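**Q** Input: one structure, supplied below.
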């Protein structure tokens, strides 16, 4: 009989130490974090290997072997974290404080807490499930916060044999309470948007600003951006989002449940769209989004600039072809003085299926560990390292197995990020029981 309260307390102590490590990206240095995880694994009888993709850019792999009857499962997490301004926090963001049943620190949710759940679940699996049909591969990656060039992407290109698997368990979704209704919905990310970064450059004729000539590069750019940003109002329902609402409808009150379950009907979608668009996260799942992130023009107050630039962060729905989108963008701009240049282009990957053994087993485990909850697929508005694995044909599922309310989720990349000891225990149990079912023989 597993004492899950003790497991929760052990997870809190392990995470507290991990959160003290400032593995910020940028600048990017995962060496101390990797050493900490290697010690934690070794203390539990699990070996690990380190892979350095660049100076101080460390990746770690630990393998719990099976008999090879079935293909492996990767437990993915990343060691790097985003910045945190201590002036905004109620405590040091890298203190790892345990207070009031919570562990505080940058990375508690994204994504050091999940690494701790995975390590403790592997420990249980190693001790309690000696006969395994699959390898279970713990993969702590570098550089996720900056796109994975020194992490998942590098390891796939250089050491694919070390992480080749049938399934990958990543971040992306959460157990959400009070988002769709009073019940809990576990959202497992099976698809994500494609990140397309563009530089838009407008050219004009320089001159004295007191004598406008109608060829101001800055004004040309502003007009082009105005046309481009109208794309943000073009909504459509992706099949994964349709299925998400159909699943969530089971815990929603009437009549919302009726509308949610019928969103595949164009009339129902049109009626529900204003309410759906009012939630920024949901809204981002229903359209290709465009954000202006950088603007540059001019050097002096009284000189009309001959060049103006903007950088756009565009997140395309999974079924949107990037080349077709760029062609449409040129037609929308309709100005020869404006040039669009890709900075980063995505390689599309197919959404993961929901009829697999992994998705079915995970759903059953969640239902058992959180009675009354439901599991539904999700489209991640951003991008994760799963995109690199999906391109290799791996079935990827993104779920941080904890139950959060919308206010708690706001701490993700935000102020006073934290996770409860109860959620650490729940998450460890979900990971362990899901793996135990997936590795057992027929």
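**Q** Taking residue 106, is it assigned by TED's automatic domain parsing to the domain that holds residue 417 and either surrounded by fewer than 17 Cβ atoms within 10 Å (Cβ to Cβ) or closer than 25 Å to residue 4 by Cβ (or both)?
**A** Details: assigned by TED's automatic domain parsing to the domain that holds residue 417: yes; either surrounded by fewer than 17 Cβ atoms within 10 Å (Cβ to Cβ) or closer than 25 Å to residue 4 by Cβ (or both): no.
In short, no.
**Q** Can you tell me which residue among 176, 244 is assigned by TED's automatic domain parsing to the domain that holds residue 409, in contact (Cβ under 8 Å) with a residue 40 or more places away in the chain and either within 30 Å of residue 266 (Cβ to Cβ) or crowded, with 16+ Cβ neighbours inside 10 Å (or both)?
**A** Working: 244 fails: assigned by TED's automatic domain parsing to the domain that holds residue 409.
Answer to the selection: 176.
**Q** Taking residue 366 as the residue in question, decide whether it is touching a helix residue (DSSP H, G or I) at 6+ places or on another chain (Cβ under 7 Å) and either farther than 30 Å from residue 212 by Cβ or without any contact (Cβ under 8 Å) to a residue 24 or more places away in the chain (or both). Please lay out each step first, then the result.
**A** On the way: touching a helix residue (DSSP H, G or I) at 6+ places or on another chain (Cβ under 7 Å): yes; either farther than 30 Å from residue 212 by Cβ or without any contact (Cβ under 8 Å) to a residue 24 or more places away in the chain (or both): yes.
So residue 366 passes the test.
**Q** State whether one or more residues within the range 84-91 are touching a helix residue (DSSP H, G or I) at 6+ places or on another chain (Cβ under 9 Å) and either crowded, with 22+ Cβ neighbours inside 10 Å or without any contact (Cβ under 8 Å) to a residue 60 or more places away in the chain (or both). Break it down stepwise before answering.
**A** Step one: filter the range 84-91 for residues touching a helix residue (DSSP H, G or I) at 6+ places or on another chain (Cβ under 9 Å), giving none.
So far as the range 84-91 goes, no, none of its residues is touching a helix residue (DSSP H, G or I) at 6+ places or on another chain (Cβ under 9 Å) and either crowded, with 22+ Cβ neighbours inside 10 Å or without any contact (Cβ under 8 Å) to a residue 60 or more places away in the chain (or both).
**Q** Within the range 340-380, work out how many residues are surrounded by 15 or more Cβ atoms within 10 Å (Cβ to Cβ) and closer than 18 Å to residue 146 by Cβ. Spell out the reasoning first.
**A** Keep residues of the range 340-380 that are surrounded by 15 or more Cβ atoms within 10 Å (Cβ to Cβ), which gives 340, 346, 349, 351-352, 354, 356, 358-359, 361-363, 365-366, 369-370, 373-380.
If we keep only those that are closer than 18 Å to residue 146 by Cβ too, we end up with 346, 380.
Looking only at that region, the number is 2.
**Q** Could you run through the range 271-310 and say how many residues are loosely packed, with under 13 Cβ neighbours inside 10 Å, assigned to a loop (DSSP other than H, G, I, E, B) and touching a residue at least 24 places away in the same chain (Cβ under 8 Å)?
**A** 2
**Q** Now for a different question. Mind listing whichever residues of the range 70-91 are under 29 Å from residue 50 (Cβ atoms) and in a loop (DSSP other than H, G, I, E, B)? Quick ask: steps written out before the conclusion?
**A** Taking the range 70-91 first, the residues under 29 Å from residue 50 (Cβ atoms) are 70-84.
Listed by number, the residues that qualify are 70, 71, 72, 79, 80, 82, 83, 84.
**Q** Looking at (1) out of contact with any strand residue (DSSP E or B) (no Cβ under 8 Å at 6 or more places or on another chain); (2) assigned to a helix (DSSP H, G or I); (3) closer than 21 Å to residue 180 by Cα, find the lone condition where residue 388 falls short.
**A** Result: residue 388 fails condition (3) only.
**Q** Could you tell me whether any residue of the range 416-425 is outside the structural domain of residue 314 (by TED's automatic domain parsing), surrounded by fewer than 19 Cβ atoms within 10 Å (Cβ to Cβ) and in a helix (DSSP H, G or I)? Let's see the steps before the verdict.
**A** Within the range 416-425, the subset outside the structural domain of residue 314 (by TED's automatic domain parsing) is 416-425.
When the remaining residues are screened for being surrounded by fewer than 19 Cβ atoms within 10 Å (Cβ to Cβ), the result is 416, 422.
Still in the list and also in a helix (DSSP H, G or I): 422.
Yes, the conditions are met somewhere in the range 416-425.
**Q** Hey, among the residues in the range 326-339 that are touching a residue at least 12 places away in the same chain (Cβ under 8 Å) and not in a helix (DSSP H, G or I), which one's surrounded by the fewest Cβ atoms within 10 Å (Cβ to Cβ)?
**A** Applying the first criterion (touching a residue at least 12 places away in the same chain (Cβ under 8 Å)) to the range 326-339 yields 326, 329, 332-335, 337-339.
Applying the additional criterion that residues be not in a helix (DSSP H, G or I) yields 334-335, 337-339.
Working: 334: 9, 335: 14, 337: 15, 338: 23, 339: 14.
Here the answer is 334.
**Q** Only one of (1) farther than 15 Å from residue 96 by Cβ; (2) touching a residue at least 40 places away in the same chain (Cβ under 8 Å) is not met by residue 43, so which one is it?
**A** Of the numbered conditions (1) farther than 15 Å from residue 96 by Cβ; (2) touching a residue at least 40 places away in the same chain (Cβ under 8 Å), the odd one out for residue 43 is (2).
**Q** Can you tell me how many residues in the range 35-54 are over 24 Å from residue 66 (Cα atoms) and buried (at least 17 other Cβ atoms within 10 Å of the Cβ)?
**A** Here the count works out to 2.
**Q** A further question follows. Within the range 92-106, take every residue that is touching a helix residue (DSSP H, G or I) at 6+ places or on another chain (Cβ under 6 Å) and not in a strand (DSSP E or B) and give me the one that is farthest from residue 153 (Cα to Cα). Can you show your working first?
**A** First, the residues of the range 92-106 that are touching a helix residue (DSSP H, G or I) at 6+ places or on another chain (Cβ under 6 Å): 96, 98, 101, 103, 105.
Now narrow it down to the ones that are not in a strand (DSSP E or B): 96, 101, 105.
Values: 96: 30, 101: 36, 105: 27 Å.
Across the range 92-106, the extreme among qualifying residues is 101.
**Q** Given the range 155-270, what helices (runs of 4 or more DSSP H) lie entirely inside it while holding 3 or more residues that are touching a helix residue (DSSP H, G or I) at 6+ places or on another chain (Cβ under 8 Å) and more than 28 Å from residue 293 (Cα to Cα)?
**A** Values: elements: 217-229, 239-248, 256-261.
Once the helices (runs of 4 or more DSSP H) in the range 155-270 are filtered for at least 3 residues that are touching a helix residue (DSSP H, G or I) at 6+ places or on another chain (Cβ under 8 Å) and more than 28 Å from residue 293 (Cα to Cα), what remains is 239-248, 256-261.
**Q** Can you tell me which condition residue 427 does not meet? The list is (1) within 23 Å of residue 239 (Cβ to Cβ); (2) touching a residue at least 40 places away in the same chain (Cβ under 8 Å), and all the others hold.
**A** (1)
**Q** Does the range 348-355 include one or more residues that are closer than 24 Å to residue 219 by Cα, assigned to a loop (DSSP other than H, G, I, E, B), modelled with pLDDT of 95 or more and out of contact with any strand residue (DSSP E or B) (no Cβ under 9 Å at 6 or more places or on another chain)?
**A** No, the range 348-355 contains no residue that is closer than 24 Å to residue 219 by Cα, assigned to a loop (DSSP other than H, G, I, E, B), modelled with pLDDT of 95 or more and out of contact with any strand residue (DSSP E or B) (no Cβ under 9 Å at 6 or more places or on another chain).
**Q** Could you look through the range 21-34, keep only residues that are part of a helix (DSSP H, G or I) and in contact (Cβ under 8 Å) with a residue 12 or more places away in the chain, and pick out the one that is nearest to residue 83 (Cα to Cα)? Walk me through how you get there before you give the answer.
**A** We begin by selecting, within the range 21-34, every residue part of a helix (DSSP H, G or I); these are 31-34.
Next cut, in contact (Cβ under 8 Å) with a residue 12 or more places away in the chain only: 31, 33-34.
Details: 31: 17, 33: 16, 34: 19 Å.
Filtering first and then ranking leaves 33.
The values are calculated or read from the model by the stated rules, or taken from the named source; none is laboratory data. Values in this document were obtained by computation on a predicted structure and should not be read as measured data. When we count neighbours, we look across all protein chains shown, and the Cβ atoms used for this are built from the backbone with ideal geometry, even at glycine.
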